[in-house]
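A short reminder: the numbers here are calculations on the coordinates, not readings from a lab. These numbers were taken from a predicted model, which means no experiment stands behind them. FYI the Cβ positions are ideal-geometry reconstructions off the backbone, even for glycines, and counts take in every protein chain you see.
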Amino acid sequence: MKKPTVTLTDNRSGKSYEYAILEGTRGPSAVDIRTFFADTGMFTYDPGYTSTASCTSKITFIDGAKGELRYRGIPIETLATQHSYLETCYLLLNEHLPNSRELQNFDLEIRHRAYIHESLRLLFDAFPNNAHPMATLSAAVTALASFHKEHLTLDDAADYHTMASRLLAKIPTIAAFAYRHSLGIPLIQPDIDLSFTKNFLTMMRAYPGGKMHLGSNGHEEIREVEVRALDTIFTLHADHEQNASTTVVRGVASTGAHPYVAIAAGISALWGRAHGGANESVIAQLEMIGSADRVETFIARAKDPDDDFRLMGFGHRVYKNFDPRAKILKRLQDELKEELGLNSRLMEIAGRIEEIALSDEYFVSRNLYPNIDFYTGIILTALQIPKNMFTPIFVIGRTVGWITQWIEFKKDPTSKIARPRQLYTGA
Ligand code: ACO
């Protein structure tokens, strides 16, 4: 049987060109246009890659119309409610969920590797107090490359594994150090006795010596409910196929640069408000709106084509239905409202925005639904995480996705340097 193809006709010359249609296991097919320029002398034009598949991938599947997300074939709902973040990391990296012994070994390895070189610690002193932790984090991950030069020549599964576990383990420590440095308070070293997520919360909140202070919610210790909430947030951020920062990571990987600088580039790309930086902007926006009765005014601004105000935490390039991660977080928010003492004023404003936007013609006709960033801030605030750490928390969760995509890129024999062309319109 003849393989399916697409025929493109240049209506100027009447010449036709035939291209193979590639089938994935799920989702839209793709037209293989790799020889298009050689065949026709023309480029394809697709700013922002709205119709371009840049690679094949077996990691994450999204059906944006249905609001479906799966890592390695497993629905995000299952992972977020029945598995830990570390299990999810193992799944992404190893293509299967760990058994209890595999999980124990992986967990131990991550705990062991959480410490950073003492000289790298000095780097933090070079940053001004009140530096944004994203700037410090990105710089420190780049600097980490100089401590692990051997990763430049990674070539077997064991090397990939070491690189992955080092980054997974050290990035939370670097993020917590970046935050504490921004406040000018003593850094807290990782604690080998603590789980991944509890360790991070401890590095954020403890006094030297491991003592906790009485939090604003009146609890002295880090509670299991808080660890579970943050662990779920990490899982929901773990991967999201070819988003902007992952595309940057793959782009840097394509040049043969050190893997850590590829991850540092991903961190920088994530910082933007249109991407991971939106979580910080959502809370800032809710605080600016101030009360539920002022929501209408801001909805009107978001709809005004002459006003560049956008409703942060709304809209997504791929989801044209409810972001499934947002659904899980909304449920978590409602479940934990009492236990975590969530900010009821911000929840009321967010609820009113959601209510109006979901029934307003402007938002409905453009398929603008709340995305993951709309709900993370309220939960993170209850965990005593300050706004400038929301995007670093996204980084911690997404690191495993970037690494997994980096490895997939390196193992793919069809990978090439990322080098798009342009339509020149200058002098
Ligand atoms: N508020 C108001 N209008 C919006 C919003 C919004 N948040 N998002 C999109 N629109 C409108 C646009 O103005 C445009 O309207 P038009 O057709 O009348 O010109 C239409 O919806 C399509 O928007 P685009 O910007 O073309 O969509 P794109 O897919 O390029 O952008 C993006 C997606 C960047 C996420 C956008 O929706 C946005 O800026 N949202 C706010 C920031 C945000 O929440 N980002 C987080 C995304 S999730 C993540 O990265 C984890």
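Normalised by 2.2 N^0.38 Å, where N is the number of residues, the alpha-carbon radius of gyration of segment 193-344 equals 1.27. Applying Stokes-Einstein at 4 °C and 1.567 mPa s to the Kirkwood radius of segment 19-100, computed over alpha-carbon pairs, gives a translational diffusion coefficient of 84 µm² s⁻¹. From least to most packed, judged by other beta carbons within 10 angstrom and beginning with the fewest, 308, 10 follow the order 308, 10. Mind grabbing the base-10 log of I(q)/I(0) for segment 269-410 at q = 0.11, 0.18 Å⁻¹? Debye formula, identical points on the C-alpha positions, no solvent, two decimal places. Those come out to -0.42, -1.08, one per q.
If we count every other residue with Cβ under 14 angstrom of residue 391's Cβ, Lys/Arg +1 and Asp/Glu -1, where does the sum land? Surrounding charge for residue 391 is +1. Taken one residue at a time, the phi angles of segment 360-365 give Karplus couplings (6.51, -1.76, 1.60, θ = phi - 60°) of 8, 4, 4, 6, 5, 5 Hz. Gly and Pro are set to x.
Spatially, segment 56-93 and segment 406-422 are offset by 23 Å when compared through their Cα centroids.
Taken over segment 88-177, the percentage of Cα pairs per 5 Å bin, counting from 0 up to the bin with the maximum distance, is 2, 12, 22, 21, 17, 13, 8, 3, 1.
Taken along its principal axes, the alpha carbon cloud of segment 5-53 reaches lengths of 36, 25, 17 Å, longest axis first.
Listing 23, 241 from fewest to most neighbouring C-beta atoms within 10 Å gives 23, 241.
Using only side-chain charges placed at the Cβ, +1 for Lys and Arg and -1 for Asp and Glu, the dipole size of segment 75-416 relative to its Cα centre rounds to 560 debye.
Checking a compactness column here: for segment 139-274, what do you get for Rg(Cα) / (2.2 N^0.38 Å), N being the number of residues?
The reported ratio for this selection is 1.18.
Toward the positive end of the charge dipole of the chain, with +1 on the Cβ of Lys and Arg and -1 on the Cβ of Asp and Glu, the farthest Cα among 1, 240, 329 is that of 1. For the pair residue 211 and residue 122, a Förster radius of 30 Å applied to the C-beta separation gives a FRET efficiency near 0.70, rounded to the nearest 0.05. Ordering 381-389, 258-266, 43-51 by mean Cβ neighbour count within 10 Å, with the highest value first, yields 258-266, 381-389, 43-51. Protection proxy ranking for 311-318, 229-236, 26-33, 342-349, using the average of other Cβ atoms within 10 Å per residue and placing the highest first: 229-236, 311-318, 342-349, 26-33.
Rounded, prolate or oblate: which one fits segment 290-347, using the alpha carbon gyration tensor with axes a ≥ b ≥ c (rounded when a/c is under 1.5, else prolate when a/b beats b/c, else oblate)? In terms of gyration-tensor shape, oblate. Estimated at 0.36 nm per residue, the fully extended path between residue 359 and residue 306 surpasses their Cα-Cα distance by 16.9 nm.
Short to long, the 10 Å bins of the Cα pair-distance histogram for segment 75-416 hold 5, 25, 34, 24, 10, 1 percent of all pairs.
Ellipsoid fit via the Cα gyration tensor, segment 214-290: semi-axes of 31, 18, 11 Å, each the root of five times an eigenvalue, largest first. I need the shape label for segment 138-197. Rule: rounded when a/c is under 1.5, else prolate if a/b > b/c, else oblate, with a, b, c from the alpha carbon gyration tensor. Here segment 138-197 falls in the oblate category.
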